[in-house]
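These notes are about the structure you will find just below.
FYI, it's all coordinate maths here, none of it is from the lab. Everything quoted here is computed from the prediction, not taken from an experiment. Cβ sites come from the backbone with ideal geometry, for glycine too, and all protein chains shown count toward neighbours.
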């Protein structure tokens, strides 16, 4: 069917160094033309998909609100947060349902719904659960899939597994959510460097918070990534106000263009 398979069965996510060329570009050249390219790492297959990964520079940076806003703005979207740590005050899936208006059937259940609001590796240990990458393969969805990571890019899921290892496994366009306040330059650039070192496709950055023109300018400039805009603080956060703010402040058209 015109698919070129590029296999790297002996490789793991950490075998990759800083990229000089995109793997899709290299494999297409090796195949002799602009074929549709799929990737295989071990037994996993990676190809073109209708998914976006939402990660952040830190916990509570605004990933869930951004995920809800994107879910509301993208037609027929689905939402999935595979690892939830802490649920006494409700889950992020429930928050996204309230803020996006998505019907329940388009909010996919968590694979790991852990009791303790802590780093996932610790929450899993407390619940006597082992988080494994094999259980966290991207699910099939009938529309765009918004995947929200847990915490920041390098948050541990176990003794030998971090969120970024899943991003490598999924190999989907990844949007970084970042604060606008003091300290965000360092946090954002470090997060982008970590993603880039492992060849995670970085789609761009979304800022969350009060306006800070210099931080919003210098981070994309230094990192060489595009900004999709800034989601401001909303005096009233509900589905209607979030949808309006996303449409007004975030480049939804550019994000839609990432999806196949």
Taking 37 °C and 0.692 mPa s as the conditions, I'd like the Stokes-Einstein D for region 36-195 in µm²/s, using the Kirkwood hydrodynamic radius from alpha carbon pairs. 204
Virtual spin-label span in nm between residue 238 and residue 130, 7 Å along Cα→Cβ: 4.8
Taking the mean number of other Cβ atoms within 10 Å as a proxy for protection, how do you rank 226-232, 151-157, 216-222 from highest to lowest? 151-157, 226-232, 216-222
Classify region 198-260: rounded, prolate or oblate, from the alpha-carbon gyration tensor (a ≥ b ≥ c, eigenvalue square roots; a/c under 1.5 rounded; otherwise prolate if a/b is larger than b/c)? oblate
What's the extension gain from residue 140 to residue 159 if we count 0.36 nm per residue and subtract their Cα-Cα distance? 4.0 nm
